[in-house]
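Each remark here refers to the structure printed beneath this line.
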Amino acid sequence: NRFDVFVEVLDGRQKVLLLAQQTHPDIGAIKSTLENNPHYEVNVVMLEDAQNFNVEPYSLAILHQLPGGNNFQGVYEKLINKRTPLLFITGAQTNYQQLQQTAVEYTISGFRNLMNDAQANVNPTFNLFTADESLIKAIGSFPPLKVPFGNYVSRGENEVWLKQQIGNVATEMPLISFRKNSDIRSATIWGEGIW
């Protein structure tokens, strides 16, 4: 007796778009970290090459130092129309005026293209998820990020996981924030240098 069975193997990996304005050490660090997990496939695309880019296969878009550049609005509108979750990572090249027209619900008043070094300070009232105790302990020893200097003003409902600590001063300014009560999920890392 003989019986033939056909098994169709589907690629179950989540596809992550890492869209960047220019090359940066953070991009390599993010890509290698995500690709260590067999459930993620990462595609790095420079903004200059993204004019007619298809965003359909992606379940997350990481926008590094964006908005900025010429092609951003077109790609951003495609991601918003698809309701793709977004992770913004800001930096010295981010256009903070244009950032106010995105899914980020913060403005930075008084920003004059100056950056601060900010350590992470865990917000004890954060409740969107729980982090492992070993991660919470390690966060205090992480090197600082370069964050925009200014006054951060929330324009909506946000949940802050990590707050900025400038030197010895613990502030209420976000270092990692999540947008709440929106049909498009988004988070923002308010600094560069995570590599």
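The values are calculated or read from the model by the stated rules, or taken from the named source; none is laboratory data. Note that the structure is a prediction, hence the values are computed from the model and not measured. As a convention, Cβ positions derive from the backbone with ideal geometry for all residues, glycine included, and neighbour counts pool all protein chains shown. Surface areas here come from the heavy atoms of the whole protein model, side chains and all, with no ligands, DNA or RNA. Shrake-Rupley method; radii C 1.70, N 1.55, O 1.52, S 1.80 Å.
Summed over segment 29-64, the residues that are within 11 Å of Val75 (Cα to Cα) and of a type in the set (S, T, N, Q) give a count of 3. Within this structure, Asn123 passes the test of being of a type in the set (S, T, N, Q) and open to solvent by less than 40 Å² (accessible area, probe 1.4 Å).
In segment 47-60, which residues are surrounded by fewer than 16 Cβ atoms within 10 Å (Cβ to Cβ) and of a type outside the set (D, E, K, R)? Can you show your working first?
Residues of segment 47-60 surrounded by fewer than 16 Cβ atoms within 10 Å (Cβ to Cβ): 48-49, 51-52, 54, 56-57, 59.
Gln51, Asn52, Asn54, Pro57, Ser59, listed by residue number.
So, Lys163, is that one within 18 Å of Tyr96 (Cα to Cα), of a type in the set (Lys, Arg) and modelled with pLDDT of 95 or more or not? I'd like the intermediate steps shown before the answer.
Values: within 18 Å of Tyr96 (Cα to Cα): no; of a type in the set (Lys, Arg): yes; modelled with pLDDT of 95 or more: yes.
No: the conditions fail for Lys163.
If you take the residues of segment 176-193 that are at pLDDT 90 or above and of a type in the set (Lys, Arg), which of them is nearest to Asp117 (Cα to Cα)?
Just the residues of segment 176-193 that are at pLDDT 90 or above, to begin with: 176-179, 185-193.
Applying the additional criterion that residues be of a type in the set (Lys, Arg) yields 179, 185.
Details: Arg179: 24, Arg185: 27 Å.
Residue satisfying both the conditions and the ranking: Arg179.
When Leu34, Leu60, Leu66 are checked against the criterion of being within 19 Å of Tyr96 (Cα to Cα) and either touching a Leu at 6+ places or on another chain (Cβ under 7 Å) or at pLDDT 90 or above (or both), a single residue qualifies: Leu66.
If I filter segment 149-177 down to residues being under 14 Å from Thr90 (Cα atoms) and under 15 Å from the mean Cα position of the chain (by Cα), which single residue comes out as most open to solvent (accessible area, probe 1.4 Å)? Per the stated criteria, the residue is Ile176.
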